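Data first, discussion second: the structure below is written as structure tokens.
The values are calculated or read from the model by the stated rules, or taken from the named source; none is laboratory data. Model, not experiment: these values are computed from the prediction. Note: ideal-geometry Cβ built from the backbone for every residue, glycine included; neighbour counts use all protein chains shown. Protein only, heavy atoms only, side chains kept; ligands, DNA and RNA dropped before computing areas. Shrake-Rupley method; radii C 1.70, N 1.55, O 1.52, S 1.80 Å.
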Amino acid sequence: MRTILALVIGTLATTIGLAQELPGSTPATVGTYSIVARDPVTGDLGIAVQSRYLAVGSVVPWAKAGTGAIATQAQANTTFGPEGLRMLAFGWTAQEVLDSLLVMDPEREYRQVGIVDPTGNAIAYTGTRCQSYAGHKIGAGYAVQGNILAGAGVVEAMASAYERSSGDLAGRLLATLAAADKAGGDSRGRQSAALLVVREGGGYDGLNDRFIDLRVDDHPDPVAELSRIYSLWNATFGVTSRMESVKRFNTNRQFAAAQEETRRVVDVMNAQLRDHPDDPEVLNSVAWTLATYDIAKERAIELAKRAAKLAPGDRRIMDTLAECHYQLGQIDQAVIIASDLVVKEPGNEYYRKQLEKFRAAKDH
């Protein structure tokens, strides 16, 4: 037994010794290709990245609303994220931040980084010892960068795709990743991807800035999967999140941003109606948004009535229909529907408050 134990201990010691001698004391090469960019209308800042590396979203993307976005990759120095954002918050330009980060890093030739500041100034850096092919390109309000790529055409494809695209920042970032993937992408293959878009008050319940924060940690086709999840996010949270942002934009007198974001919401809802023309849940959701955010009240009541026909007796739809009547000033109809809902669910506090609201409007 002692002999066996000694052999085991000896084997472990040898293994540990070999591990210490093997390459690996420095961080693994991370990243591959990414884009940092700023939406010139809304001021959103974002990053999208793909890599043959597990959970790349935990390493590369760093961003803060109104401050900047940073992608740190290759032999990634993750201190570049928080330190760079701290410098940007003090008002430093992207170039000043990059210069400061590099001068303090003795391993800078192994690094690759892209930065965009809150005014859209972008900069990128590719160290001379990043694994080939490695390179970057800078454009108006964006920087694309990649390492261990299939070739220089990947970076060119990314820049071209971003410049040709339009619409919301997240969609443009995803189009950039898709173009890179089509051009050959990471020469090692695929594994993970991430999308981060920050907006002041754009996070859950307006309590943080993570407007869109999606990750695919391990998947054979991570870019396509990330796009699928983004579509799901748009259908589930996109409309409400964007309309809450419209309120903030208007409050802050950012009227161009409010108008553009409203247009994007309408595009999302039209797509939902095209894809699900007979789904009462979709019709109900769109009707509520159109009515309560004062986008198209007449259209809202049409959709609510159609939803009610498709799903007769659905109380949520009837509540939407009552709200549509109320928004159009048809108070009597709203009171009738709400009264019926209170009778059917006397313990429902929300229905009771809706009825009180409608009756108060009638009294005035």
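Observations on the model:
- Under a model in which nothing but the beta-carbon of Lys, Arg (+1) and Asp, Glu (-1) is charged, segment 120-240 shows a dipole of about 320 debye around its Cα centre.
- By the rule of a C-alpha distance below 17 Å, with chain neighbours fewer than 8 residues away ignored, the aspartates and glutamates paired with K353 are D319, E323, D332, D340, E345, D363.
- In this rough spin-label picture, where each label sits 7 Å from Cα along the Cβ direction, the R315-H276 distance is 2.2 nm.
- Rounded to the nearest 10 degrees, the angle from helix 222-233 to the longest Cα principal axis of the chain is 20 degrees.
- Note on D205 and E356: the model spin-label points, each 7 Å out from Cα along the C-beta direction, lie 2.2 nm apart.
- Extension gain (nm, one decimal) between F90 and Q333, 0.36 nm per residue minus Cα-Cα: 81.9 nm
- Mean projected area (nm²) of the alpha-carbon convex hull when segment 91-158 is viewed from all directions: 4.5 nm²
- Coarse-grained scattering of segment 252-364 at q = 0.24 Å⁻¹, given as base-10 log I(q)/I(0) from a Debye sum over alpha-carbon atoms: -1.24
- Relative to the dominant Cα principal axis of the chain, helix 280-292 is inclined by about 80°.
- Normalised by the number of residues in segment 96-212, the mean separation of alpha-carbon contacts (under 8 Å, six or more apart) gives a relative contact order of 15 percent.
- Helix axis angle, 255-275 relative to the chain longest principal axis, alpha carbon, degrees: 80 degrees
- Whole-angstrom gap from segment 259-338 to segment 49-91, using each part's C-alpha centre: 41 Å
- Solvent-accessible area, 1.4 Å probe, carbon plus sulfur percent, for segment 296-350: 53 percent
- Here's the picture: charge each Lys and Arg Cβ at +1 and each Asp and Glu Cβ at -1 in segment 234-343, and of N234, A300, S339 the one pushed furthest to the positive end of that dipole is N234.
- Applying 1/(1 + (r/R0)^6) with R0 = 41 Å to the Cβ-Cβ distance of R228 and K344 gives a FRET efficiency near 0.60.
- Accessible surface of segment 109-194, 1.4 Å probe, proportion on carbon and sulfur as whole %: 47 percent
- Relative to the current alpha-carbon distance between E302 and H219, full extension at 0.36 nm per residue lengthens the span by 25.7 nm.
- Net dipole in debye of the chain [+1 Lys, Arg Cβ; -1 Asp, Glu Cβ; about Cα centre; nearest 20]: 120 debye
- Subset of K309/K362; K247/K344; K305/K344 violating a 24 Å alpha-carbon distance limit: K309/K362; K247/K344
- Taking the chain and dividing mean pair separation by its residue count, relative contact order in percent (alpha carbons under 8 Å, at least six apart): 12 percent
- Beyond 15 Å, the tail of the calculated P(r) for segment 78-120 holds 32 percent of the Cα pairs.
- Gyration tensor verdict on segment 313-364 (Cα atoms; rounded if a/c is under 1.5, prolate if a/b is larger than b/c, oblate otherwise): oblate
- Relative contact order [Cα under 8 Å, 6+ residues apart], segment 305-364, whole percent: 26 percent
- The residues of the chain have, on average, 49 Å² of accessible surface per residue, using a 1.4 Å probe with all protein chains present.
- Among (1) 77, 19, 16; (2) 49, 25, 19; (3) 84, 27, 21, the entry derived from the coordinates for semi-axes √(5λ) of the Cα gyration tensor in Å: (2)
- Extension reserve of the S132-A55 stretch, reckoned as 0.36 nm per residue once the Cα distance is removed: 25.5 nm
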